[in-house]
Structures are given as C-alpha cells and as structure tokens.
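Computed from the coordinates by the stated procedures, all read-outs in this text should not be read as laboratory data. All values derive from a computational prediction rather than experimental measurement. Please note: Cβ atoms are built from the backbone with ideal geometry, for glycine as well, and neighbour counts cover all protein chains shown.
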Amino acid sequence: MKHSSLSLLLLPLLLGGCDALMEGVIGDLRHLSSREVSGSDGTITLDVDVTGEEAMLLTLQADDGALVFVDQVTDPSGTVAFSATDAWNDASHSVTMGAYPFPTSSINWPANGGSLTDGTWQIRLGTVDSAYYYQPGTGVQVDVLLKDDPSMSSGTLHVNLVYAGAAGTDEELARAAGVATAHWEEIYGQIGIDLTFEEWEYDNGALPGPGLGNAEDFIQISTSTSTRSVNVVLVPSMVDGDGIYGMAGGIPGALVPTDRSAVVISALTSSGPDLMFSAEEERIFAETMAHEVGHYLGLFHPVETSWDTWDSLGDTPECSGEGTCEQQLGSNLMFPYPVCSYTSCTPQADLTPQQSSAAHSYVGVE
Ligand SMILES: [Zn+2]
C-alpha cells in the first residue's frame with residue numbers, strides 16, 4: 001500500500017523528469033555525466049547546455065540486458081534536429097548508429113552537416129528490451145563530451161596501437177604496422193587530420209569484434225588509455241571473425257571506457273595465411289585501420305553491398321549495382337571491401353569534402 005502511493009506520487013516526476021547532469025572536465029573537453037533511470041514510458045530526457053562548443057559526443061550504457069538508443073535531438077529553438085523514427089523510416093540513408101538500440105550506444109552531433117548552436121539542447125533517449133519493447137525503470141549511464149574547436153580543416157587524432165596476445169611478439173606484424181601507420185598518416189593528412197601513435201600491449205589476444213563479447217577486456221583496455229584517443233587493437237586473429245579485416249566498436253565510437261571502445265584488426269586476415277605482409281598487404285592493412293577508424297569517427301560506407309543503402313552525405317554518389325559502385329566509389333576509403341582484379345587491388349584512400357567534415361566533427365579529433 002505504501003508502495004503504490006509512492007509510485008503514484010513519483011509518476012509525474014518520472015514522466016517529466018529531467019535531472020541535472022554532473023559537470024566536469026576531461027583534458028580540453030567538458031564532460032557531463034549522470035546515471036539516469038527511464039520513466040514510465042521507457043524514455044529519458046536530458047538537457048544539455050551548450051556554451052560555445054562546436055560538437056558533442058553522447059555515450060549511453062544501459063544496465064545489463066537492456067538496450068538504449070537516441071530517440072530525438074531537439075535544438076535550442078525547439079526544432080527537431082534528429083529523430084530515430086525518421087532514421088528507421090528512411091533506413092536507406094544512414095546518419096548514426098545511435099538511432100538503433102544497443103547495450104552501448106553513441107551519437108556525435110553535429111552528424112552530417114548542421115551545427116551545434118548555443119543554448120539548451122534536449123535529448124530524448126529510449127530504453128527497450130531485446131524485443132524492442134519500451135522498458136520503464138531502466139538505468140543508463142550517460143556521458144556527454146563537448147569540444148570547443150571551430151577548425152573543420154585541421155586537427156589531431158590520438159591512436160593507441162594495442163598489440164594483444166601473441167601479436168605483441170610478432171616482429172613481422174610490428175614491421176608492417178610501421179609501414180601501414182605511415183601510409184595511414186598520408187591518407188588522413190589529405191583531410192588535415194594528423195595522427196599520433198602510442199604503443200601498448202595487452203595480455204589477452206583471443207578477442208572478438210568490439211561489442212560481441214569480452215566486455216571486461218575492452219573496458220580494461222579503454223580504461224588504461226587516455227579518454228580522447230581511439231584504441232586500435234591488433235589481434236592475431238579475430239574470435240568468430242574468419243576473413244574479417246577489422247571491426248569498429250560503433251559509428252561513431254565511444255571515447256569514455258565501455259565494452260566497445262575499440263577498433264579490432266585481424267593480423268591473420270591482413271597478412272594472409274603466410275603471415276608475411278607483401279607491399280599490397282601493407283597498403284590494405286593501412287587502409288583497413290584508416291577505414292575502421294573512419295567508422296569510429298562517424299563515417300558510414302558510401303554504399304552498402306546490398307547496393308540500396310547509402311550514407312547521408314551529399315557528395316558521395318548514390319550508385320546502384322556492384323559494377324557501377326565499384327567504378328564510382330571503389331577508390332573511396334569507406335568503400336565496403338577491397339576492389340581487386342586477379343593481380344592487384346585498387347588503392348582506396350579517397351575522402352570527399354563532406355566525409356572530411358564529418359570526421360572533423362568527431363569530438364575525438366582535437
Ligand atoms: Zn566498413
């Protein structure tokens with residue numbers, strides 16, 4: 001009896017509830033954080049006050065077994081800037097993975113154009129179960145990182161190269177990684193993003209793609225490295241990832257430590273079964289790291305291999321069909337696979353101006 005009257009009293013608060021986020025700083029970034037619980041309709045509404053910052057990265061971690069997504073982003077004038085319903089209805093144009101329910105989910109804003117104007121942004125989150133039914137009373141850890149960096153043409157990204165398990169003693173892999181990171185620097189150099197590298201080792205190399213298991217390992221790796229950096233984990237081979245070159249922990253990925261704050265790259269797929277890197281394999285190794293981190297910065301494939309789903313950027317052509325798409329986009333860094341003839345593969349290093357802008361908007365780019 002006491003319980004039910006308490007619930008009734010709390011109900012209006014839960015429905016309209018909007019708690020203040022805790023204010024802090026991580027390096028040059030403003031950090032807002034809070035643990036929220038979804039109200040009776042399964043949603044959480046956050047107010048984020050923007051004062052001079054150019055971009056924000058929101059990362060959400062739902063309690064065990066629950067899923068969370070960004071339902072709606074409303075700008076200070078009251079205009080809906082992003083809606084998950086719109087994203088689902090136009091699933092042929094991808095804007096952010098944040099629109100889809102996951103245990104850990106991120107959205108970087110602005111995504112694909114637009115701007116982060118000063119004032120109070122309202123962000124509504126949805127919490128659902130695995131059957132996508134709204135779940136009231138679900139706890140969500142919320143982290144918002146905001147950067148004050150007006151430059152959309154020059155920046156720096158810090159990368160941690162994490163050699164996992166036996167990858168740490170593989171001299172051929174270390175040699176090839178040296179060549180590949182130099183080429184990766186050239187690729188990102190075209191759009192004005194400088195890279196810095198820090199080398200790490202991690203004991204366990206038996207890792208799947210981020211988000212597909214080994215949550216504790218990914219949390220440990222991402223807790224060890226600095227917040228404003230991307231973890232590129234080189235594994236001998238990816239668990240349950242035969243033939244996969246690499247996998248990113250999100251589009252965009254998180255900067256705060258989570259179970260998917262990493263990109264995982266397979267040494268075996270990159271070198272082939274002889275475990276030696278040819279010049280072409282070194283180049284594809286570079287392109288793989290640049291491509292997967294491109295996802296982490298928020299870039300989608302310009303076209304998916306179903307040939308009917310595209311990114312939402314205006315300057316990547318909307319091709320349809322394998323032949324046309326390989327011809328129009330086969331040299332783009334974010335093309336979904338290496339385009340190879342019998343003897344060689346097309347270099348894939350191109351980035352369009354809008355791909356560049358999207359990458360510079362990522363909060364991880366200083
Ligand atoms: Zn990809």
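Residues whose amide H comes within less than 5 Å of that of A81, counting only those at least five positions distant or on another chain, are V73, T74, D75 (H built at 1.01 Å from N in the peptide plane).
Above 13 angstrom, tally the Cα pairs of the range 249-288 and express them as a % of all pairs, no decimals.
Of all Cα-Cα distances in the range 249-288, 59 percent exceed 13 Å.
Annotation for D308 and T324: the two label points, set 7 Å from Cα along the Cα-Cβ direction, are 1.4 nm apart.
Looking only at the chain, where both bridge partners belong to it, what percent of the DSSP beta bridges are antiparallel (to the nearest 5)?
70 percent
Dipole size of the range 77-189 about its Cα centre, with +1 on Lys/Arg Cβ and -1 on Asp/Glu Cβ: approximately 300 debye, rounded to the nearest 20. Quick one: go through the range 153-173 and flag any residue whose amide nitrogen is under 20 Å from the point 7 Å out along the Cα-to-Cβ line of S278. Hits in the range 153-173 for S278 at 20 Å: 172-173.
In this structure, S92 and N204 have a Cβ-Cβ separation that, at R0 = 25 Å, corresponds to a calculated FRET efficiency of about 0.05.
Pop the C-beta distance of M22 and E172 into the FRET formula with R0 = 35 Å and round what comes out to the nearest 0.05. With R0 = 35 Å, the Cβ-Cβ based efficiency is 0.15.
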